Structure formats: C-alpha cells, structure tokens
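Computed from the coordinates by the stated procedures, all read-outs in this text should not be read as laboratory data. As the structure is a prediction and not an experimental result, all values here were calculated from the model. Cβ atoms come from the backbone with ideal geometry, glycine included; neighbour counts cover every protein chain shown.
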Amino acid sequence: MQMMGTSGSSTKRIGGYFRRAHHAGSWYSDSPKELDTMLSSFLENAQIELNTATTTTSTAIPRSVVVPHAGYSYSGKAAAFSYLALKEAVQMGEIEAIVVLHPSVGMNVGMLWK
C-alpha cells in the first residue's frame, strides 16, 4: 500500500503542499508500519470476502462513492470495499478521473458560504 500523510510530528509532501497527520496516534496509529499493516489488511480481507462470496456480485460501475472516514478501527472495513469498487472500475478503464471532496471536520462549514 502506498501511504500518504505523516506519522508523529514529521511531514511528507503530497502534491503541492505539506500535510501533517493531525490525528495520528488517536484515530489511527502513529506508526507508519502499523498503519500500513492495518490498511493493507482491510483491503486484503475485503478482496478475499468478495472472492469467496456465494452471492452474485454486481458488476455495475460506481458513479459516486461516499467513503466513511471515522477511526479506521470503526470504518476501515467499509472503506476498503468502497476503494476496491473504484479500483476495479479504474482497472477496467471505466473511470478516468476521481474527484475527492473533503471538507475539514474541524472547520465551520457555514464559513464557506459567506
């Protein structure tokens, strides 16, 4: 898995800016290795579950995905299924671009409309 973000007090460059991992150590591990292991296991387990499902799965291409983003221990499994659906669509050539809308949880959203 390719990790984005940071651990502890260090920062990593993402795109054109630096992003500090504000919640490392609280909502998710501050250890890059532990975080990578956790996220990778969510994705691997979701793939295994999809591969062994006895019911027919849909081959529909997602037009949008709302991915939960609470602490990974709470929402990681559901998020993994969402990301796998996007991955399959990209690999099939059905999706050319992904737009991420990410309002800040700590920001007063009402301020955006003034």
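Arranged from highest to lowest average of other beta-carbon atoms within 10 Å per residue, in what order do the peptides 90-101, 34-45 appear?
Details: 90-101: 8.3, 34-45: 15.5.
Listed from highest to lowest mean packing, they are 34-45, 90-101.
Suppose R0 equals 30 Å. What FRET efficiency, 1/(1 + (r/R0)^6) with r the Cβ-Cβ distance, do HIS23 and VAL65 give to the nearest 0.05? Working shown, then result.
Details: r = 22 Å, r/R0 = 0.72.
Approximately 0.85, to the nearest 0.05.
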